[in-house]
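Report on the structure given below.
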Amino acid sequence: MKKYIPVLKRTRLFAGVGEEEILAMLDCLQAAEKRYKKGEYVLRQGEHIGDISILVEGRLSIQRDDYWGNRSIINIVEVGEMFGEAYASPDSGAVMNDVTAVEDSIVLFLNMKKILTTCPSACRFHSLVVQNLFFAISERNRKLMRKLLHMSKRTTREKLLSYLSDEAKRQGRSSFEIPFNRQQLADFLSVDRSAMSSELGKMRDEGILTFQKNRFRLL
């Protein structure tokens, strides 16, 4: 576990907690490490869980497939990000989405009950972690609200411009990278990939933007 401390120290959950304290708390929180190959499921729709999870290596996709196999990507999980917290509390219900490994990944699972209750050793930073958990959930809700804003747009072009504009502002520059390939971006915005690619080409020809793979520049 010690090798993951630099990653955990940068996470929202352990913000303000020292390296030695994090290492001590991992034992209190019953931290468990699991490895996943590319394409493997980390969580499946319908599961009941009692842990929150932190990605310490690789990349994950939170997604949902309908009866006919149409996929919608809810979010991409990057190293240091937390997931599963919405379903780890008592009576929160079953997991509503699948979580799969986009590449070979390592996940740390932390017992939610141990986080919400004071441990026997009365860790000095335990209350800070609970506070950080609240802030992290609030931040996740804001991300979902931003996605809903993109999804509320009527046309493929409007959805693309809403998302790309938001990314440019979030990253603070007109040239930026997004965490999606073309199919993932289409699934994220719930649009047809061919129609989306065609619209990107039109906007490039109109001088609105340029792009190379997952790097975009708004003009």
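The values are calculated or read from the model by the stated rules, or taken from the named source; none is laboratory data. Predicted model, so just to flag it, every value in this text is computed and none were measured. Reconstructed Cβ throughout: ideal geometry from the backbone, glycine too, with neighbour counts over all protein chains shown. Note: accessible area is taken over every heavy atom of the protein model, side chains too, but ligands, DNA and RNA are not part of it. Shrake-Rupley method; radii C 1.70, N 1.55, O 1.52, S 1.80 Å.
Where in segment 1-84 are there strands (runs of 3 or more DSSP E), lying fully within it, with 1 or more residues that are open to solvent by less than 50 Å² (accessible area, probe 1.4 Å) and more than 28 Å from Phe188 (Cα to Cα)?
The qualifying strands (runs of 3 or more DSSP E) are 32-36.
Among the residues of segment 159-171, are any of a type outside the set (S, T, N, Q), in contact with a Lys or Arg (Cβ under 9 Å, 6 or more places away or on another chain), within 29 Å of Gly16 (Cβ to Cβ) and at pLDDT below 95?
For segment 159-171, residues of a type outside the set (S, T, N, Q), in contact with a Lys or Arg (Cβ under 9 Å, 6 or more places away or on another chain), within 29 Å of Gly16 (Cβ to Cβ) and at pLDDT below 95: present.
If you check Arg182, Arg170, Arg140, Arg157, which single one turns out to be more than 30 Å from Ser53 (Cβ to Cβ) and charged (D, E, K, R)?
Going through Arg182, Arg170, Arg140, Arg157 in turn, just one is more than 30 Å from Ser53 (Cβ to Cβ) and charged (D, E, K, R): Arg157.
For Gly50, work out the one condition from (1) at positive phi; (2) in contact (Cβ under 8 Å) with a residue 60 or more places away in the chain it doesn't fulfil.
(1)
Can you tell which of Ser127, Ser190, Ser165 is more than 22 Å from the chain's Cα centre (by Cα) and not basic (Lys, Arg)?
It is Ser127.
Show the residue pairs that are 6+ apart or on different chains and have beta-carbon atoms under 7 Å apart, the first residue being within segment 64-84 and farther than 30 Å from Val129 by Cβ, the second being not in a strand (DSSP E or B).
Cβ pairs passing all conditions: Arg71/Asp187; Ser72/Asp187; Ser72/Ser190.
Take Glu85 and tell me if it is charged (D, E, K, R) and touching a helix residue (DSSP H, G or I) at 6+ places or on another chain (Cβ under 9 Å).
The answer is yes for Glu85.
Looking for whichever is closer than 23 Å to Phe135 by Cβ, among the hydrophobic types (A, V, I, L, M, F, W, C) and under 15 Å from the mean Cα position of the chain (by Cα) here; the options are Leu23, Leu55. Which one fits?
Leu55
Read through the list (1) open to solvent by 60 Å² or more (accessible area, probe 1.4 Å); (2) more than 17 Å from Ile137 (Cα to Cα), then give the number of the only condition that Met96 fails.
Unmet for Met96, out of (1) open to solvent by 60 Å² or more (accessible area, probe 1.4 Å); (2) more than 17 Å from Ile137 (Cα to Cα): (2).
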